[in-house]
Amino acid sequence: MRTLNAARSAADAAVTAAEAQFTVVPGEKTAAKMVHTLAREVMALDEEIAQTNALIEGRFREHPDAEVITRMPGIGMPGAEFIAVTGGDMTAFGSPDRLAGVSGLAPAPRDSGKIGGNLRRPRRYSRRLLRMFYLSAPVATVHCPFSKAFDQRKRAEGQSHKQAVLALARRRLNALWALIRDHRTFEAVTSQPAAAAA
C-alpha cells in the first residue's frame, strides 16, 4: 500500500512540476502527459500485484503446514513457493536427503576411474527451492540464535560465506522436514537456569 501511495504522489508531483514550469520547451506538455499516463499504468500494475499477492497468501494460509513453515525463522511468506514446488507432500520425497538433492543442496559424486571423492552440485535441481533456502539462511542468522551459532562455527572452521550459507540452508531443510513430518512449529529453546534450579 505504501508503494502504491508513493507512486501516486510521485506521479502527481511530476505533473505539478511540469505544469509549474515557466520556460517553455518544445514537447513539454506531451512529455508531461506521457509521464502522467505511465505513472497511472505503474500504479495500476502495483495494485494488481498487491491483489495477486493477497490471493497467494490467502491460498497459502489454507495449507495445513502453512503455520509450520511460516514460523521457521527466515522463511515466512516465501514458504508459499516451497508448497508450490513440493506440492506440500513430503512423502513424495521419502527422506530429507532426497529433498536436499532436488533442492540442489546435496552434492552429487563426480568420480572418474580411480579418482573418488569429487562432489558437485547436481545438474538438475529446483532453482526455486535452492533460492528459497539460500535466501532464508542469512535472515535466520539475524533472528535465530541457533542459526547464528551454526554459521559462526562454519566460518570458524574456515568455510567461505557462501559455503557457510549453503551448509546452514541444508541444516534448515532438515529441520523444516522434521517439523512438517511431526506437525510441530519451530520454537527457540532458551536455557532457564532459574527454572531448572527450582
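The values are calculated or read from the model by the stated rules, or taken from the named source; none is laboratory data. Computed from a predicted model, the values in this text were never measured in an experiment. Here the Cβ is made from the backbone with ideal geometry for all residues, glycine too, and neighbour counts use every protein chain on show. Protein only, heavy atoms only, side chains kept; ligands, DNA and RNA dropped before computing areas. Shrake-Rupley method; radii C 1.70, N 1.55, O 1.52, S 1.80 Å.
So here's what we get for this one:
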{"read-out": "Neighbourhood net charge (13 Å Cβ-Cβ; Lys/Arg +1, Asp/Glu -1) for Val142", "value": "0"}
{"read-out": "Accessible area of segment 59-108 divided out per residue, in Å², using a probe of 1.4 angstrom", "value": "45 Å²"}
{"read-out": "Two-site label geometry, Ile56 and Arg184: point separation in nm, points 7 Å out along Cα→Cβ", "value": "3.1 nm"}
{"read-out": "Net lengthening on full extension, Arg40/Arg127 (0.36 nm per residue, minus Cα-Cα)", "value": "27.9 nm"}
{"read-out": "4 °C / 1.567 mPa s Stokes-Einstein diffusion coefficient of segment 33-87, Kirkwood radius on C-alpha pairs, µm²/s", "value": "100 µm²/s"}
